[in-house]
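Quick notes on the structure that follows.
The values are calculated or read from the model by the stated rules, or taken from the named source; none is laboratory data. Fair warning: this is a prediction, and the values are worked out from it, not measured in the lab. Backbone-built Cβ (ideal geometry, glycine too); neighbour counts: all protein chains shown.
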Amino acid sequence: MDITVAIYNGDVEAVTSISTIGDDVASADEVDPYYSAQAVFTMPNHESVIIDPDVNGLGTYYVVVNGLSIGVEGGVDQQILNEDIPYRLTITTSDPEPVVAPPSQLVWLSFGDDITGTNTRADYLYEETDLGWSPDVVNRPPFYAADFGLPETMRDELIEAIAERIEEIYRNTGLTEDEIEFVIERPDPHAVYSTVVIGGRTPMSGLVGIAQSIDRANSTRDDMATTFSEEIGLFYRGDGWMPYGPLAEDPQVRSEQVATLVANTAAHELGHILGLEHATEVLTDEPNNLMGYNDSLEPQDLEERNSYWYQLGLGFTNEIDLLLRAIGSGTDMGE
Ligand SMILES: [Zn+2]
C-alpha cells in the first residue's frame, strides 16, 4: 500500500481531489495561482516539510492522509478507508502569530479620460493572461456613458454612482476607511495602490472583466483588475446579444442599472486581487453573492459562502472573514 500525506492550502475552496500517489513533491512555487485548494507538498516517503509563511504564504493548511492499494481485487485500484490506514503523523507548530496590521489598501478606480480617449495601461492583459491577444490590448479606452446608450453628459454622475456602490459593497463587510480606501483620481506616484481599470472590451465576446490574479492573502498591493464596460453594455442593451433583457428606457432608471452592473463586475474583479476566489454557489438568487455567478442587474454583496453537497467542507469558507484577514484586522492566524 502506498500512503501519501499531502498538505493543502485550503483557504477558500473545497478540496476537489485528495488522491495523490507517486514520488512527486510539488513545490509551492508551482502551485497554480488560480486554485488555492491543491497539494502544496506531498510526502510519500516519510518525509517532513516546514511550512514557512514567508515562502508558502499565510493561510490555512490542511493535512490529508491518503492510502491506495494497487492491483488488489482483480487489478482494480481499491481506495482504503481512512480508518484502516495505520500511520503516525507528527505536527509541530510555532506559537500563533497575529496578523501584522498591514497598511491600508488603496484602490484606484480608473475610468480614464473621455476627451483624450485614454485610460491607464493594463500591461498584464498582454503579458500575463496568455489569451492570445495583440499587444495593444494593454492600451485601455475610457469608460463611456455611450456604452450603455446614455448621453456623455451623464458620465460624471455615473462614475460617482459606480464608485459609491463599489465602496458600499466593501464597507458592508465591515472594512473601515483605515483598511481600504477608494479614489477615482490617480494617486500620488509614490503611493502603493491597486488599480481597477474600467472601460472598453476585449476580443473575447462575453468577457466582462478579468483580474491579474487571485492574489492569495492580498500579498501584492499594487496589482490590477479590469472591467470591460463596453462589453457589459453589449450584454444589456436592447440591441445586445444576451437574453438578459434591455435596460430601462428612462435615463435615470437606466443609469442606476448601469451603476449596479458595472459596480458588481468591478467589485468582483477587485475581490480577486484582494484574495477572493469564486463562490461555489452558482446561479442562485439568495444569497446574490458578488463572487458567484448571478444576474448582475441586482445589487450584489460579499457573502459568507455556501458549498455544494459534494464539497467536503474543508477549507476556509467565509469570504468576508477571509477578506478581513487579507486586508483588515480579521482573525489571528493559528487560532
Ligand atoms: Zn471572477
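Key figures for this structure:
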quantity	calculated
Within region 230-262, tally of residues that are touching a helix residue (DSSP H, G or I) at 6+ places or on another chain (Cβ under 7 Å), modelled with pLDDT of 90 or more and either assigned to a loop (DSSP other than H, G, I, E, B) or within 16 Å of the ligand (Cβ to nearest atom) (or both)	3
Any hit, region 169-181, residues being closer than 15 Å to SER104 by Cβ, assigned by TED's automatic domain parsing to the domain that holds PHE111 and in a helix (DSSP H, G or I)	yes
Which listed residue is within 22 Å of PHE182 (Cβ to Cβ) and modelled with pLDDT under 95, from PRO103, PRO142	PRO103
Selection from region 178-215 of residues that are farther than 24 Å from ALA326 by Cα and within 16 Å of the ligand (Cβ to nearest atom)	THR202, MET204, GLY206, LEU207, VAL208
Residue that is surrounded by the fewest Cβ atoms within 10 Å (Cβ to Cβ), among those in region 189-209 that are of a type in the set (Val, Ile, Thr) and out of contact with any helix residue (DSSP H, G or I) (no Cβ under 7 Å at 6 or more places or on another chain)	VAL192
Candidates THR265, THR220, filtered to the one that is away from the ligand (no atom under 16 Å from the Cβ), at pLDDT 85 or above, assigned by TED's automatic domain parsing to the domain that holds LEU125 and hydroxyl-bearing (Ser, Thr, Tyr)	THR220
Some residue of region 159-167 being within 16 Å of the ligand (Cβ to nearest atom) and either outside any strand (DSSP E or B) or at pLDDT 95 or above (or both)	yes
Subset of region 253-282 (residues that are surrounded by 24 or more Cβ atoms within 10 Å (Cβ to Cβ), more than 16 Å from GLU164 (Cα to Cα) and among the aliphatic types (A, V, I, L, M))	ILE273, LEU274, LEU276, ALA279
